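Each remark here refers to the structure printed beneath this line.
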Amino acid sequence: MGIVNDQAGPLSDLAGRGSIAAARLAIEDFRKETPSLKVEILTADHQNKADVGAQIVRQWLDADGVDVVVDVGNSAVGLAVQAIVRERNKLALYAAVATTEVSGKQCARTGLTWLHDSYNLVAGPIRRLVAQGSDTWFFVAADYAFGRNMISESQRVLGAAGGKSVGAVFHPLGTTDYSSFLLQAQASGAKVVAFANAGAQLVSTMKQWHEFGMAGSAQIPVAQLMFITDVHSMGPDIAKGITTLTAWYWDLNDETRNFAKRFHALHGAMPTAPQASVYSSILHYLRAVASTGTDATDPVLEAMRSTPVNDFYARGARLREDGKLIHDFYLVRVRTAAEVKSPWAYYDVIERVPAAEAFLPLSESECPLVAQVSAKK
């Protein structure tokens, strides 16, 4: 298997080397069940460049014997990888690839999204806040496939919920000075300022939000994609009160805490939701290989689709026709420093969002595979 992601840039904390650590734990646990199967991991840094990621994946699939591509993380790279695995009939297990295109218009039979997409990241928080009267929104977003897709989905859901977008501004991926973007957000007069960036970008944005005194204003900050590593980097004094939606949190129950303890011993940080999803997707894939007795794509994919995912990441979750793993989400809010009673225990879980409510209904999917399945039925 080949794990390709950002290993040194702004998305490296949320996935990066931690995804490789999660993969090693999945393989370790799988070997307890099937010790005879040899599993090899190749890793690479795509540098958040679609052409670099595509070149790596082509080399892996065409020359290095890789059967499955894992993680990816960056939406632009994900779309490039999707085209390659579709053409070569190879599997891709996506973690933090948020663009809805991967499971929508550009879906592939062999491209499976294990974590989230832009729709389920924005739908719950938007509906909840609009219902409370926070009905005007301004967006600050990263200027690549993820950010633009996130804003498109947000504005669609916002309009349906009775809210209004009063503007959006896009910043380059490598930006460090967000002052002009934040001043535009402030000048908009929006009740909510939503940030559609991630990792180091979000951390820098929120630090500057505080430096400019905007934390004390009436505007509500919403992180549309935030990970536990982001909160750790900001610290609760800056992150306190931010609301976000997450597919997984390490401190949910005894099972999640046990995995987190093992992961921390290996990686030195608590696992993010993407890293937990990498563990889950790899373990499910390897079990399918073991049950079918082959690493050929078609029988393995059939086994993965016909068997529910049951692990600390998701219970009774199944892969839908559009390639999405359908599972619960959690609406969380960052605690104040005084409320954080143990290291990394940053979230209060406000509510569990059931799988049936978290995902775009299949009837609204733009994935061509859905229509094909419906026609066969």
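The values are calculated or read from the model by the stated rules, or taken from the named source; none is laboratory data. Just so we're clear, the structure is a prediction, and the values are computed from it rather than from any experiment. Please note: Cβ atoms are built from the backbone with ideal geometry, for glycine as well, and neighbour counts cover all protein chains shown.
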Inspect all residues belonging to the range 23-40 and state whether any of them is within 17 Å of the chain's Cα centre (by Cα) and surrounded by 15 or more Cβ atoms within 10 Å (Cβ to Cβ). yes
The one condition THR307 fails out of (1) touching a Pro at 6+ places or on another chain (Cβ under 9 Å); (2) surrounded by fewer than 18 Cβ atoms within 10 Å (Cβ to Cβ); (3) closer than 23 Å to LEU283 by Cα is (1)
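Can you give me the number of residues within the range 260-283 that are buried (at least 21 other Cβ atoms within 10 Å of the Cβ) and either over 20 Å from ASN74 (Cβ atoms) or out of contact with any Gly (no Cβ under 6 Å at 6 or more places or on another chain) (or both)?
15
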State whether one or more residues within the range 121-137 are touching an Asp or Glu at 6+ places or on another chain (Cβ under 6 Å), small (Gly, Ala, Ser) and either surrounded by 24 or more Cβ atoms within 10 Å (Cβ to Cβ) or in a strand (DSSP E or B) (or both). no
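Mind listing whichever residues of the range 62-94 are at pLDDT below 95, touching an Asp or Glu at 6+ places or on another chain (Cβ under 9 Å) and not hydroxyl-bearing (Ser, Thr, Tyr)? Even if it seems obvious, please write down each step before you answer.
Here is the first cut: in the range 62-94, the ones at pLDDT below 95 are 73-76.
Among the residues that remain, those that are also touching an Asp or Glu at 6+ places or on another chain (Cβ under 9 Å) are: 73-75.
Correct list: GLY73, ASN74.
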Across the range 265-281, what is the total count of residues that are in a helix (DSSP H, G or I) and without any contact (Cβ under 8 Å) to a residue 12 or more places away in the chain? 1
Restricting the search to the range 150-207, which residues are in a helix (DSSP H, G or I), under 18 Å from VAL122 (Cβ atoms) and of a type in the set (Lys, Arg)? ARG156
The residue from GLY73, GLY16 that alone is out of contact with any Lys or Arg (no Cβ under 7 Å at 6 or more places or on another chain), surrounded by 23 or more Cβ atoms within 10 Å (Cβ to Cβ) and free of Cβ contacts under 8 Å to residues at least 60 places away in the same chain is GLY16
Does the range 236-248 contain any residue that is under 18 Å from ASP6 (Cβ atoms), in contact with a strand residue (DSSP E or B) (Cβ under 9 Å, 6 or more places away or on another chain) and either of a type outside the set (Gly, Ala, Ser) or modelled with pLDDT of 95 or more (or both)? no
Does at least one position in the range 240-256 carry a residue that is farther than 25 Å from ARG148 by Cα, basic (Lys, Arg) and assigned by TED's automatic domain parsing to the domain that holds VAL334? yes
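Per-residue answers, yes or no, for (1) at negative phi; (2) aliphatic (A, V, I, L, M):
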site	(1), (2)
ASP29	yes, no
LYS38	yes, no
VAL72	no, yes
SER75	yes, no
ALA80	yes, yes
TYR94	yes, no
ARG109	yes, no
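If a residue must be of a type in the set (A, V, I, L, M) and farther than 16 Å from TYR279 by Cβ, how many such residues does the range 303-317 contain? Spell out the reasoning first.
Filtering the range 303-317 for residues of a type in the set (A, V, I, L, M) gives 303-304, 309, 314, 317.
Okay, now just the ones that are also farther than 16 Å from TYR279 by Cβ, so 303.
Total satisfying the criteria: 1.
Return the only residue of PHE212, PHE227 being in contact (Cβ under 8 Å) with a residue 40 or more places away in the chain and among the aromatic types (Phe, Trp, Tyr).
Values: PHE212 fails: in contact (Cβ under 8 Å) with a residue 40 or more places away in the chain.
The match here is PHE227.
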Taking ILE228 as the residue in question, decide whether it is out of contact with any Gly (no Cβ under 7 Å at 6 or more places or on another chain) and either closer than 22 Å to PHE138 by Cβ or at pLDDT below 95 (or both). no
